[in-house]
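See below for the structure under consideration.
The values are calculated or read from the model by the stated rules, or taken from the named source; none is laboratory data. Note that the structure is a prediction, hence the values are computed from the model and not measured. All Cβ positions, glycine included, derive from the backbone under ideal geometry; neighbour counts span all protein chains shown.
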Amino acid sequence: MARLLIDSHVLLWHVLDDPRLTPIPTAAIEAEDADVLVSTASLWEIAIKSALGKLTAPDDLPARVLEMGFEPLPVTAEHGWHVRTLPHHHGDPFDRLLIAQAQVESVPVVTVDPAFGDYDVRVIWES
């Protein structure tokens, strides 16, 4: 099974059928053998930004994650501690945690954020 971790914006774009989610990441997410991971950090980030009015998210987003067959990825002590080893290419703490999770779990990340490419993590997106 192909495991992959989706970034917060990719999760929202997939749920909302946003056209910014282009064919390559869509195919990776929708592949029959895909095991799509959604970090608890992503749900936390979306909840904070939604509460601040910075973005719109469905009220039932956690339920939709499960309905779509995505696997919640808890933030573990190992994930949190791994952040300390990352170079400081990216200042966003949520993204740094996703990068740490991807490295610890040895999975690629589906993201449009070019800063992820500065880390030792495989990124799935169109060039």
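Quickly run through region 99-113 and pick out the residues that are under 15 Å from THR22 (Cβ atoms) and buried (at least 24 other Cβ atoms within 10 Å of the Cβ). Lay out the reasoning, then the answer.
From region 99-113, those under 15 Å from THR22 (Cβ atoms) are 110-113; that's our starting set.
Of everything in region 99-113, those that are under 15 Å from THR22 (Cβ atoms) and buried (at least 24 other Cβ atoms within 10 Å of the Cβ) turn out to be VAL110, THR111.
Which of the residues belonging to region 64-85 are farther than 22 Å from PRO19 by Cα, out of contact with any strand residue (DSSP E or B) (no Cβ under 8 Å at 6 or more places or on another chain) and not in a loop (DSSP other than H, G, I, E, B)?
Correct list: ALA77, GLU78, HIS79, GLY80, TRP81, HIS82, VAL83, ARG84, THR85.
Please list, ordered by first then second residue, the pairs with beta carbon atoms under 7 Å, 6 or more apart or interchain, first in region 1-16 and within 18 Å of PHE116 (Cα to Cα) and in contact (Cβ under 8 Å) with a residue 12 or more places away in the chain, second part of a strand (DSSP E or B) and among the acidic types (Asp, Glu).
ARG3/ASP35
Please go through (1) of a type in the set (A, V, I, L, M, F, W, C); (2) within 17 Å of VAL107 (Cβ to Cβ); (3) touching a Pro at 6+ places or on another chain (Cβ under 9 Å) for TRP13 and return the number of the only condition it doesn't satisfy.
(2)
Just to be sure I understand the filter: pairs with C-beta atoms under 8 Å, separated by 6 or more residues or on different chains, first member in region 53-75 and closer than 11 Å to VAL36 by Cβ, second member surrounded by 10 or more Cβ atoms within 10 Å (Cβ to Cβ) and among the acidic types (Asp, Glu). Which pairs pass?
Going by the 8 Å Cβ cut-off, the qualifying pairs are GLU71/ASP35; LEU73/GLU105.
Let's see how each residue does on (1) outside any helix (DSSP H, G or I); (2) touching an Asp or Glu at 6+ places or on another chain (Cβ under 9 Å):
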residue	(1), (2)
LEU21	yes, no
ILE29	no, no
LEU37	yes, yes
GLY53	yes, no
PRO87	yes, yes
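Just to be sure, is PRO74 surrounded by fewer than 16 Cβ atoms within 10 Å (Cβ to Cβ), modelled with pLDDT of 95 or more and over 18 Å from HIS9 (Cβ atoms)? I'd like the intermediate steps shown before the answer.
Working: surrounded by fewer than 16 Cβ atoms within 10 Å (Cβ to Cβ): yes; modelled with pLDDT of 95 or more: yes; over 18 Å from HIS9 (Cβ atoms): yes.
Yes.
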